[in-house]
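Q: Pasting a structure below so you can have a look.
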Amino acid sequence: FLRWSLISIALLVVVTLSVLPFMIRWQGVAWLERQGLDADIGYVEIRPMLGTVQVNNVHIQSPGGERLILDQLLFDIAWNPLLENSLHIEEVSIEGLTLDLAMTPSGLRVGGIPLSGDEDAAPDTAGPPLFERLALDQFQLRDLTFCYLLMNERGEQQANQCAGLNALRLSDLTMAMGDAPSLSLPGVSLSGLRWFDRLDPLQLATVESLAVTGLSSPDMTRWQLEKVNLQSLALLPGDTTAVQLNELALT
């Protein structure tokens, strides 16, 4: 009886984990379509033994053209530190993200999805943190475009400006929470930053690269960093660049 019980439980777990990604994908698309959006989620994979979740080829678009496009999201955690009230994220990787954020008279929309808060809700009360320590080994973001749209009551765009970047990387982030909070981040690097207006259209600013090293705080109130290095800043880039800064270094 014990043997068959264990076999049945194992089979139930295997079937549940096999069906769960398809259920998430199906229910997610169904919910988005009920919001009046054209949605497709290409692939969802959950590997509980490895602690990874991967989502590929998410395409969401509203009738007004607002978009949320995600080529790939990978989230990887380590299980053992959870037993010690610590969250250890081994890798977060986001590739090919395009997101439209629209401010309308009726509220905020993110990728065509309306967001509304409950004004009558009771204010949140501070409580103990869920984790005492957070460690992030690697975070990388590639090919991001983020757009802000300001809409009037007739649904016309009053502003449509975007910021994009080629890559953002950071590693070895360590944060302590609770009674003695602290933060340590050896370095952050950003490349290919651009800011442009889609209504005119007009390029507003570009930055080739930005690197920050040695960011830390012993108590989350005092902050220090070792070095900031900015390469090739251009305001209104083009044939008649308004401002061109080749390099800026702060130590």
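Q: What does the accessible area per residue of segment 1-111 come to in Å², with a 1.4 Å probe and no ligands, DNA or RNA counted? Could the numbers behind the result be given before it?
A: Working: 6840 Å² over 111 residues.
Per residue, segment 1-111 has 62 Å² of solvent-accessible surface.
Q: Please return the longest stretch of the chain lacking exposed loop sites, where GluC sites (Glu not before Pro) count only if DSSP places them in a loop and at most 13 other Cβ atoms lie within 10 Å.
A: On the way: sites that count: E119, E153, E156, E226.
The segment 1-118 is the longest one with no such site.
Q: Loop only per DSSP, at most 15 neighbouring Cβ atoms within 10 Å: give me the chymotrypsin sites (Phe, Trp or Tyr not before Pro) in segment 1-35, ordered by residue number. Before the final figure, lay out each step's value.
A: Numbers: sites: F1, W4, F22, W26, W31; in loops: F1.
Qualifying residues, ordered by number: F1.
Q: Which of M49, M23, M175 moves most in a GNM of the chain, Cα contacts under 10 Å?
A: Comparing M49, M23, M175 in a Gaussian network model of the chain, the most mobile one is M49.
Q: Got a number for the accessible area of Y148? Probe 1.4 Å, square angstrom, nearest 10.
A: Near enough 90 Å² of accessible area.
Q: Roll a 1.4 angstrom probe over the protein heavy atoms and tell me the percent of accessible area of the chain that is carbon or sulfur. Each step should come with its number before you reach the end.
A: Values: 9560 of 15970 Å².
C and S atoms contribute 60 percent here.
Q: Excluding the sites themselves, what is the longest stretch of the chain that contains no trypsin sites (Lys or Arg not before Pro) in a DSSP loop with at most 16 other C-beta atoms within 10 Å? Intermediate results must be reported in sequence, preceding the final value.
A: Values: sites that count: R154, R198, R222.
Here the longest segment lacking exposed loop sites spans 1-153.
Q: Now for a different question. Please find, in a Gaussian network model of the chain (springs between Cα atoms separated by less than 10 Å), the residue of S216, S18, S191 whose mean-square fluctuation is greatest.
A: S18
Q: Let me ask something else about it. With everything on Cα atoms, drop me the angle between helix 2-34 and the longest principal axis of the chain, reported from 0 to 90° to the nearest 10.
A: 30 degrees
Q: Please find the FRET efficiency linking E95 to D239, where r is the Cβ-Cβ separation and R0 is fixed at 25 Å, and quote it to the nearest 0.05. The partial results should precede the final answer.
A: Numbers: r = 33 Å, r/R0 = 1.32.
That gives a FRET efficiency of 0.15.
Q: Okay, next question. Taking the Cβ of L150 as the centre, find all other residues whose Cβ is under 14 Å away and add up their charges (Lys, Arg: +1; Asp, Glu: -1).
A: Surrounding charge for L150 is -2.
Q: Let me ask you something else. Note the listed values [x] 62, 36, 36; [y] 82, 49, 38; [z] 60, 57, 38, then indicate which one is Cα extents along the principal axes in Å calculated from this particular structure.
A: For Cα extents along the principal axes in Å, the calculated option is [y].
Q: Note down the net charge around L50, summing +1 for each Lys or Arg and -1 for each Asp or Glu among other residues with Cβ under 12 Å from its Cβ. Show your work: numbers first, answer last.
A: Numbers: positive: R47; negative: E45, D76, E90, E91.
After counting each charged neighbour, the total is -3.
The values are calculated or read from the model by the stated rules, or taken from the named source; none is laboratory data. None of these values were measured; they are calculated from a predicted model. Note that each Cβ is placed from the backbone with ideal geometry, even for glycine, and that neighbours are counted across all protein chains shown. All accessible areas refer to the heavy atoms of the entire protein, side chains included, with ligands and DNA or RNA removed. Shrake-Rupley method; radii C 1.70, N 1.55, O 1.52, S 1.80 Å.
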